[in-house]
Amino acid sequence: MKVLVVGGGGREHAIVHALSKSNKVTEIYAAPGNAGIAKLAVCVNIKDTDVENIVAFAKDEGIDLVVVGPEASLSVGVVDELTKAGIKAFGPTKDAAQIESSKNFAKELMAKYNIPTAAYETFTDYDKALEYVKAHSFPTVIKYDGLAAGKGVVIPQNLEEADLALKDMLIDDKFGSPKVVIEEYLEGPEFSFMCLVDNENVYPLEMAQDHKRAYDGDKGPNTGGMGAYSPLPFITNEDYLYALNNIMIPTAKAMVKEGHPFKGVLYGGLMKTKNGIKVIEFNSRFGDPETEVVLPRLTSDIYDAFLAIVDGKTPLLTWDDCYTIGVVLASNGYPGSYKKGAVILGADSDDIYHMGTKIDDNGNLVTNGGRVLFCVGKGKTLEEANKNALKIVNEIKCDNLFHRTDIGAKAHKKF
Ligand code: AMP
Ligand code: GLY
């Protein structure tokens with residue numbers, strides 16, 4: 001079978017790696033892929049949002065299945081167009097992807113179906129939003145309604161910060177159309193629960209936890225994620241069943257009932273608060289970097305699982321009961337501005353996923369993004385997995401990369 005993976009980050013590298021282990025898959029293509037993916041797949045120079053050329057390529061090459069990674073591709077309707085062209089595609093339609101692309105859509109759905117989440121109000125008017133903020137306590141949470149590349153959430157500690165965020169989002173239209181959700185600030189450990197979803201049917205994947213802050217001790221600015229591990233010792237079986245039965249299954253059913261049937265990966269960004277598990281956000285795709293620590297634990301055939309979801313059949317999912325820890329190597333300056341093109345040596349392990357790399361004109365592997373490499377360690381314990389991850393990190397030589405050293409450090413804390 002010929003498979004095309006849309007995207008070019010660490011998540012797509014992990015998907016390609018998992019697909020490469022399937023004995024049904026003979027050829028893998030990636031659009032656009034990256035320097036790491038190029039070791040396992042043929043990279044084609046098509047942007048991940050270039051729907052027309054993705055469809056044309058899939059048709060011309062006789063692709064049997066397309067797997068879509070990024071939210072940007074889903075939100076421009078790549079799955080809709082592939083399906084129209086008679087090509088099987090794994091991922092939600094543009095309409096169903098609204099559960100990620102509109103915070104207001106997700107909040108309204110949760111309110112209507114009693115899915116536990118932070119209390120909220122939606123505003124388009126700056127004065128009304130400011131009035132609401134003044135009447136509530138700090139910190140508060142202000143979320144831009146649409147996709148904002150991870151930059152649309154602000155947690156103001158005081159009125160001044162809140163005012164600035166509201167001006168940015170509602171008056172200066174920093175991200176596009178002016179609409180915000182203001183919600184109650186929740187506290188507790190966050191975790192990621194990804195499930196394969198086929199309409200009302202929900203098939204859970206193993207859980208993972210991302211580390212969003214840039215520096216050790218959860219200090220510094222929010223990032224796309226600086227490391228992750230799986231599974232999660234602080235999630236009890238009771239927590240798991242609650243999250244599955246009170247959040248993920250009701251959400252999949254609600255999407256069908258509301259006329260937005262979902263197929264693909266539904267990602268619950270959840271928080272274990274003192275008042276129970278609550279939804280922070282939904283994503284309509286595999287998480288990045290969670291995918292890079294979850295898929296290496298999958299022992300069943302991922303091609304079969306993707307195809308089962310597309311065809312409305314039951315996927316078989318089996319797991320290695322090891323731990324995985326992944327550490328991101330990011331460009332100095334990330335998530336702010338950073339330079340590209342620093343030469344990377346020693347990134348030879350098969351347990352490295354490339355997030356932002358390329359081969360330059362001299363044939364060197366160089367940095368080409370904020371998050372650059374993701375090093376995965378496996379072990380019987382988290383400590384062993386961590387040691388193995390750091391061993392890979394330490395083999396890499398590059399003068400413009402930094403990483404966190406405390407991924408998974410709080411895993412055994414009781415909450
Ligand atoms: P989101 O894009 O909605 O996942 O928000 C980004 C980050 O902001 C989350 O990962 C949380 O760390 C934080 N956050 C979002 N909503 C809340 C909330 N209601 N209470 C506390 N923190 C939040
Ligand atoms: N790791 C968070 C995300 O994929 O949105």
Could you tell me which residue of segment 176-197 is farthest from ligand 1 (Cβ to nearest atom), considering only residues that are outside any strand (DSSP E or B) and in contact (Cβ under 8 Å) with a residue 60 or more places away in the chain? 179
When you scan segment 108-128, do you find a residue that is within 16 Å of ligand 2 (Cβ to nearest atom), in contact with a helix residue (DSSP H, G or I) (Cβ under 7 Å, 6 or more places away or on another chain), more than 20 Å from residue 43 (Cβ to Cβ) and touching a residue at least 60 places away in the same chain (Cβ under 8 Å), even just one? no
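Is it the case that residue 391 is of a type outside the set (Gly, Ala, Ser), in a loop (DSSP other than H, G, I, E, B) and open to solvent by 30 Å² or more (accessible area, probe 1.4 Å)? I'd like the intermediate steps shown before the answer.
Numbers: of a type outside the set (Gly, Ala, Ser): yes; in a loop (DSSP other than H, G, I, E, B): no; open to solvent by 30 Å² or more (accessible area, probe 1.4 Å): yes.
No: the conditions fail for residue 391.
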Evaluate segment 194-203: report whether one residue or more is touching an Asp or Glu at 6+ places or on another chain (Cβ under 8 Å) and closer than 29 Å to residue 320 by Cα. yes
Just to be sure I understand, how many residues within segment 180-205 are more than 16 Å from ligand 2 (Cβ to nearest atom) and either under 16 Å from residue 273 (Cβ atoms) or open to solvent by 10 Å² or more (accessible area, probe 1.4 Å) (or both)? 12
Conditions (1) in contact with a Gly (Cβ under 8 Å, 6 or more places away or on another chain); (2) over 22 Å from residue 367 (Cβ atoms); (3) not β-branched (Val, Ile, Thr); number of the one not met by residue 9: (2)
Taking segment 227-248 only, how many residues are surrounded by 19 or more Cβ atoms within 10 Å (Cβ to Cβ) and either closer than 20 Å to residue 263 by Cβ or in contact (Cβ under 8 Å) with a residue 60 or more places away in the chain (or both)? 8
In segment 111-151, residues that are farther than 19 Å from residue 168 by Cα, outside any loop (DSSP other than H, G, I, E, B) and away from ligand 1 (no atom under 12 Å from the Cβ) total 2
Answer residue from segment 152-175, given it is exposed (fewer than 13 other Cβ atoms within 10 Å of the Cβ) and part of a loop (DSSP other than H, G, I, E, B) and is farthest from ligand 2 (Cβ to nearest atom) among those: 158
Is there a residue being of a type in the set (A, V, I, L, M, F, W, C) and within 16 Å of ligand 2 (Cβ to nearest atom) anywhere in segment 235-243? no
In segment 313-350, which residues are part of a loop (DSSP other than H, G, I, E, B), in contact with a Leu (Cβ under 9 Å, 6 or more places away or on another chain) and not hydroxyl-bearing (Ser, Thr, Tyr)? 313, 315, 317, 320, 332, 342, 344, 347
Expected single match for more than 13 Å from ligand 2 (Cβ to nearest atom), open to solvent by less than 10 Å² (accessible area, probe 1.4 Å) and either touching a Ser or Thr at 6+ places or on another chain (Cβ under 6 Å) or of a type in the set (Ser, Thr, Tyr) (or both) among 208, 214 is 214
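The values are calculated or read from the model by the stated rules, or taken from the named source; none is laboratory data. All values reported here derive from a predicted model rather than from experimental measurement. We place every Cβ from the backbone using ideal geometry, glycine too, and count neighbours over all the protein chains shown. We work out accessible area using only protein heavy atoms, side chains counted, and drop any ligands, DNA or RNA first. Shrake-Rupley method; radii C 1.70, N 1.55, O 1.52, S 1.80 Å.
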